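Enquirer: Questions regarding the structure given below will be posed in turn.
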Amino acid sequence: MDTTHKVTEFPSFGEKPEQGCKHIIILGDGMSDHAVERLGGKTLLQAADKPMMDRLAREGRCGRLVTVPEGFPPGSEVANTAILGYDLNEVYEGRGPLEAASIGYDMADDDFAIRCNIITLEDGKIITHNGGNLETEDARVLIDYLNETLAAPINERERKQLGISAETSFQRVKFICGIQYRHLLVIKGGNKHIVCAPPHDHPNEAWRPLLVKPEEASVVSGFPADPTEASVVSGFPADPARLSPQQTADLINELILRSQDLLAKHPFNLGRAARGERQANSIWPWSGGYRPSMQTLMQQYPQIKSGAVISAVDLIQGIGKYAGLRIIKVPGATGLANTNYEGKAQAAIEALKTDDFVFVHVEATDEAGHDGDLELKLRAINYLDQRLIRPVVEAVEKMGEPVCIAVLPDHPTPVELRIHVNEPVPFLIWHPGIVPDGVQRYDEISCVSGAYGLLRLNQFIQTFMSIGH
Ligand SMILES: [Zn+2]
């Protein structure tokens, strides 16, 4: 019998199954890909120079994972949530609540948090979703201004309309400054059953027809292609603690219209107009929801006493926060090809000294896929391998305690398609003492014959967390 292909019952950890084992997941966003003619029919992971991932695959075990549940779009927030084992049907609340967690805003149960872009309108159309590359310092001035000018009068009128006492209505609306053009609108008692238009999906379209509408309570359909754009509910009961969908839509639309008056007169935009530059002249809220009801990973896996998430992406930080992980912000982590790989590696190594569970997310591979840049994506995979995974593995081998490592993407972002696709992703799991499964390399094709086979959704984290326990 060829021992390199021996498959043993999983998962005992080495010779000391009673011993605790720390866990680290290293995720290359959008890393997997398709076969490409320019690479002689190889996939990107087959062609990339990534000796460390290949070594871990050779010494460990591989498989493939379905990361996107049926009916959901293959978005990173969906796939990363599923990889951590959560049921999207139970916990998915859109971007607003995830970004709230990343910003550090602790949502109350009756809060409704919605992503609030500051965008550019011209001649009745959406020109950019990013307010003419708005910088965070400038955005902070505008957000402060909106909080001073907009929240109070709106609340007063709304209070009378709804017959709510002055005390409870006082904090109905709040803007919270995020990063660049990406901010947050929190509406106390707002209703999530509304239909909003993501502004990046509607460039050069008239904005008025895209204003917020209440969901049709009677619509029953599969999960929409974009969860922010349509309804999945089969009738929702009126909640006395919340505004109705219509009231919420009316309130947001009034905020949008008034923001346009106010922002057009602000010195920042007057200055931009004088220089012939694009103005940041309207708020545009989309993708809102309530505080997700997520059990922490510690509640689900008692072997995890504390954990950390390392990512430049606010959505991933938000998922980690609700999963009970502390957010480690690494200086120079940009989400782009120039991201601070070494800084992330060091942060992960430090976290492994104090925490039992570390989730490291690198965005650069996905960005290169969206750019359709083959060389850049190959380089991003190589950088992830050599500048992040290698130092982590070297440190883990010197540590006095066992660490279990997993490497995987969240979804493919093929360079020739430039969008996310919904296909299983290859993964590898490695730890000291693991019995190899014969897979020699980490790539889309080799992992098909891995010992774990094809796993679905939460089966990955359950398998991974059972190692060493
Ligand atoms: Zn992407």
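Enquirer: Report every pair of residues separated by at least 6 positions or lying on different chains whose Cβ atoms are under 6 Å apart, first residue within the range 141-158 and farther than 14 Å from D261 by Cα, second modelled with pLDDT under 60 and surrounded by 17 or more Cβ atoms within 10 Å (Cβ to Cβ).
Expert: As it stands, the answer is N155/S169, since those pairs meet every condition given.
Enquirer: Counting only residues that are surrounded by 24 or more Cβ atoms within 10 Å (Cβ to Cβ) and either more than 22 Å from the chain's Cα centre (by Cα) or more than 14 Å from Q46 (Cβ to Cβ) (or both), how many does the range 375-384 have?
Expert: 2
Enquirer: Which of the residues belonging to the range 421-438 are within 16 Å of the ligand (Cβ to nearest atom) and surrounded by fewer than 23 Cβ atoms within 10 Å (Cβ to Cβ)?
Expert: V421, N422, E423
Enquirer: Name the single residue, out of those in the range 336-393 being polar (S, T, N, Q) and part of a helix (DSSP H, G or I), that is nearest to the ligand (Cβ to nearest atom).
Expert: That would be T365.
Enquirer: Out of all the residues in the range 95-110, which are buried (at least 22 other Cβ atoms within 10 Å of the Cβ) and not hydroxyl-bearing (S, T, Y)?
Expert: R95, G96, P97, L98, E99, A100, A101
Enquirer: Residues R441, R418: which one is at positive phi and either part of a loop (DSSP other than H, G, I, E, B) or surrounded by fewer than 17 Cβ atoms within 10 Å (Cβ to Cβ) (or both)?
Expert: R418
Enquirer: What residue, among those in the range 80-96 that are among the aliphatic types (A, V, I, L, M) and more than 16 Å from the ligand (Cβ to nearest atom), is nearest to I381 (Cα to Cα)?
Expert: For the range 80-96, the residue satisfying everything is L84.
Enquirer: Restricting to the range 29-79, name every residue that is part of a helix (DSSP H, G or I), acidic (D, E) and within 16 Å of the ligand (Cβ to nearest atom).
Expert: Once the filter is applied, which keeps residues that are part of a helix (DSSP H, G or I), acidic (D, E) and within 16 Å of the ligand (Cβ to nearest atom), the range 29-79 yields only E77.
Enquirer: Can you tell me which of (1) surrounded by fewer than 21 Cβ atoms within 10 Å (Cβ to Cβ); (2) within 16 Å of L44 (Cα to Cα) is the one G369 doesn't meet?
Expert: Going through the list (1) surrounded by fewer than 21 Cβ atoms within 10 Å (Cβ to Cβ); (2) within 16 Å of L44 (Cα to Cα), G369 breaks only (1).
Enquirer: Looking for something at positive phi and touching a residue at least 40 places away in the same chain (Cβ under 8 Å) - is there at least one such residue anywhere in the range 104-125?
Expert: Yes, the range 104-125 contains a residue that is at positive phi and touching a residue at least 40 places away in the same chain (Cβ under 8 Å).
This table checks each residue for (1) assigned by TED's automatic domain parsing to the domain that holds G190; (2) among the acidic types (D, E); (3) modelled with pLDDT of 95 or more.
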residue	(1), (2), (3)
L44	no, no, yes
A47	no, no, yes
R61	no, no, yes
P69	no, no, yes
P73	no, no, no
N80	no, no, yes
Y86	no, no, yes
D106	yes, yes, no
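Enquirer: So T413 passes all but one of these: (1) of a type in the set (V, I, T); (2) surrounded by fewer than 22 Cβ atoms within 10 Å (Cβ to Cβ); (3) within 15 Å of the ligand (Cβ to nearest atom). Which condition number does it fail?
Expert: (2)
The values are calculated or read from the model by the stated rules, or taken from the named source; none is laboratory data. Predicted model only: the values in this text are computed from it and were never measured. Positions of Cβ are backbone-derived with ideal geometry, glycine not excepted, and every protein chain shown enters the neighbour counts.
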